[in-house]
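Report on the following structure.
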Amino acid sequence: MQHQLTAFFRKRVEHYSEQKYVLAVSGGVDSMVLLNAMITLFGDDAKNRLVVAHVNYGLRAQAVDEEQLVHRFCKLHQIPMETKNWHEEENDSTSEKSLRDFRYDFFREVIQKYEAQYLVLAHHQDDQSETVLMKWSRGSTIEGLSGMKEIRTVRGLTILRPFLSFEKKDLYEEAEKQQVPFLEDESNESDDYTRNRYRHHVVPFLKEENPNVGAHFQKSAQMIADAVACLMPILEEKQEQLFKKGKKKVSFQREAFLKEPVEMQRLLLQQVLVQMDTTIPVVQMEQILEKVGSDKAQLT
């Protein structure tokens, strides 16, 4: 694993040994193995290259134990650690989106404080399979179907995911081999969460059919990501030519739009809807395209 981690950083990060990284560490096996591996990667310089960011949501009794575990490990290795507590009374809800926004706002704060260049997350191959499956079942854009990326910049935040080629079982094996302490999140056992239902029922079934399904999901996601990277400049150019966005509506050059192949029409319409923060079912998409083909209309 250590060799593969080193190869990842050499490939993805220019002058990687001179950069500074914020690691999101929960205390679970994934992030603790990542922290230990990166400490090994940087050796004596780890205390100058790494900063741990830990979020304590306080939603489970185990949250205090997790924070203390991460704190002890960081203290042992002289790694700076920043913690932020979630206060439910100060936030609108405990929805998945609210919690996600909370932690990413915190990660940005830590990155700015320490002048770090990268946020490193411990998502692995099983996480990728779950993510792609959920997006397929809910309906997603082509970019969404490409899953999580090994490196991605979002709103000025550059995210690294060096474990996407590893299965969860690999991380358990590494934790045992390197004697890395961790705590299991008991909420992972509950089927109350959508992701857990995929984790407990759908992914295991697929692995029974094909033990290499995780690697195939990762490869397919990468192929889609490559296709999206090639396609986006074309879509953006055509969108600029054909569409004009106003305050409350989007107008377009109908005749020029209809000269495009129906596949391109579908992709362009989908791109515009995404930018309007709107998602619609496939059936409705086809209805809109049919209407555009028969009437002079505006997309509003």
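The values are calculated or read from the model by the stated rules, or taken from the named source; none is laboratory data. Bear in mind that the values here come from a model prediction, so they are computed numbers and not experimental data. With ideal geometry, Cβ positions are generated from the backbone for all residues, glycine too; neighbour counts draw on all protein chains shown. In case anyone asks, the SASA skips ligands and DNA or RNA and just uses the protein heavy atoms, side chains included. Shrake-Rupley method; radii C 1.70, N 1.55, O 1.52, S 1.80 Å.
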Which value, in Å² rounded to 10, gives the accessible area of residue 126 with a 1.4 Å probe and all protein chains present?
20 Å²
Candidate lysines - alpha carbon under 30 Å from residue 249, same-chain residues fewer than 8 apart omitted
97, 135, 238, 259, 291, 296
Exposure ranking of 192, 226, 170 by accessible area [1.4 Å probe, largest first]:
192, 226, 170
R0 of 35 Å, Cβ-Cβ distance residue 137-residue 3: FRET efficiency to nearest 0.05
0.45
Not counting ligands, DNA or RNA, and with a 1.4 Å probe, what is residue 216's accessible surface area in Å² rounded to the nearest 10?
90 Å²
To make sure I understand the rule: partners must be lysines, Cα under 25 Å from the Cα of residue 20, and not fewer than 8 residues away in the same chain. Which ones qualify?
11, 47, 75, 84, 113, 149
In Å², nearest 10: area of residue 251 left accessible to a 1.4 Å probe
40 Å²
Candidate aspartates and glutamates for bridging to residue 177, where Cα separation is under 19 Å - those fewer than 8 sequence places away on the same chain excluded:
30, 167
Please work out the FRET efficiency for the pair residue 290 and residue 109, using the Cβ-Cβ distance as r and a Förster radius of 30 Å; give the result to the nearest 0.05.
0.05
Using alpha-carbon positions, the gyration tensor of segment 1-158 gives root eigenvalues a ≥ b ≥ c; with a/c under 1.5 called rounded, otherwise prolate if a/b exceeds b/c, else oblate, the class is oblate
With a cut-off of 16 Å, note down the residues of segment 39-66 whose backbone N falls inside the zone around a label point 7 Å from the Cα of residue 99 toward its beta carbon.
54-66
Sort 158, 153 by accessible area with a 1.4 Å probe, largest first.
153, 158
Loop trypsin sites (Lys or Arg not before Pro), segment 199-247 (other Cβ atoms within 10 Å of the site Cβ: 13 or fewer; DSSP)
247
Defining a contact as two alpha carbons under 8 Å apart and six or more residues distant in sequence, what relative contact order in percent does the chain show?
17 percent
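As a test of the formula, what do you get for the chain when each DSSP H run with n ≥ 4 contributes -39,500 (n - 2.57) and the sum is divided by the residue count, at 222 nm and rounded to the nearest 500 deg cm²/dmol?
Working: 13 runs with 162 residues, N = 300.
The per-residue figure over the chain is -17000 deg cm²/dmol.
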